[in-house]
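Reviewing the structure listed below.
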Amino acid sequence: QVQLVESGGGLVQPGGSLRLSCQASGTNFSIYAMGWSRQAPGKQRELVARITSSGATTIYVDDNEGRFTISRDNAKNTVYLQMNSLKSEDTAVYYCIVDELSLWGRGTQITVSS
């Protein structure tokens with residue numbers, strides 16, 4: 001079964017940090033670009049960051065660059081999202097995605113609040 005399982009979400013204060021992990025299984029994910037997307041309450045899902053199959057190139061959307069870092073460990077079939085300087089606007093459900101497979105994880109909730 002091909003699937004993505006996110007972990008690492010939770011409640012954090014503004015200015016804090018979290019590290020999300022996405023464990024992929026069921027196929028060789030090292031050949032696919034992967035990414036993180038998020039959906040805030042009442043808003044459309046939006047891309048947060050993307051990383052190429054080799055990890056050589058990363059793309060960040062809006063002001064996520066400089067605060068967020070996407071990385072991957074192909075030996076572990078895992079993608080990470082390190083998030084620093086979190087803001088209340090970052091509150092959302094975060095999803096691990098593989099566009100080429102139209103594959104999404106179930107998501108992990110992040111709440112940034114004092």
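The values are calculated or read from the model by the stated rules, or taken from the named source; none is laboratory data. Remember, predicted model here, so these are calculated numbers, not experimental data. Positions of Cβ are generated from backbone atoms using ideal geometry, with glycine treated the same way; all protein chains shown enter the neighbour counts. Accessible surface is based on the protein model in full, side chains and every heavy atom, while ligands, DNA and RNA are left aside. Shrake-Rupley method; radii C 1.70, N 1.55, O 1.52, S 1.80 Å.
Take Leu101 and decide whether it is open to solvent by 40 Å² or more (accessible area, probe 1.4 Å) and hydrophobic (A, V, I, L, M, F, W, C).
So Leu101 passes the test.
Condition first: in contact (Cβ under 8 Å) with a residue 60 or more places away in the chain, assigned to a helix (DSSP H, G or I) and over 18 Å from Ser17 (Cα atoms). Now tell me which residues in segment 43-102 satisfy that.
Asp99, Glu100, Leu101
How many of the residues making up segment 62-90 are over 12 Å from the mean Cα position of the chain (by Cα) and either of a type in the set (A, V, I, L, M) or open to solvent by 30 Å² or more (accessible area, probe 1.4 Å) (or both)?
15
Every residue in segment 85-114 that is over 22 Å from Thr52 (Cα atoms) and not hydroxyl-bearing (Ser, Thr, Tyr), please.
Listed by number, the residues that qualify are Leu86, Lys87, Glu89, Asp90, Ala92, Val93, Gln109, Ile110, Val112.
Under the condition of being in contact with a helix residue (DSSP H, G or I) (Cβ under 9 Å, 6 or more places away or on another chain) and open to solvent by less than 20 Å² (accessible area, probe 1.4 Å), which residue from segment 41-55 is farthest from Val93 (Cα to Cα)?
Among residues in segment 41-55 that are in contact with a helix residue (DSSP H, G or I) (Cβ under 9 Å, 6 or more places away or on another chain) and open to solvent by less than 20 Å² (accessible area, probe 1.4 Å), the one farthest from Val93 (Cα to Cα) is Ala49.
Quick one: in segment 26-40, of everything that is open to solvent by less than 60 Å² (accessible area, probe 1.4 Å) and assigned to a loop (DSSP other than H, G, I, E, B), which residue is nearest to Tyr95 (Cα to Cα)?
Of everything passing the filter in segment 26-40, Ala40 is nearest to Tyr95 (Cα to Cα).
Looking for something farther than 14 Å from Cys96 by Cα, modelled with pLDDT under 95 and surrounded by 14 or more Cβ atoms within 10 Å (Cβ to Cβ) - is there at least one such residue anywhere in segment 16-25?
No, there is no match, as no residue in segment 16-25 is farther than 14 Å from Cys96 by Cα, modelled with pLDDT under 95 and surrounded by 14 or more Cβ atoms within 10 Å (Cβ to Cβ).
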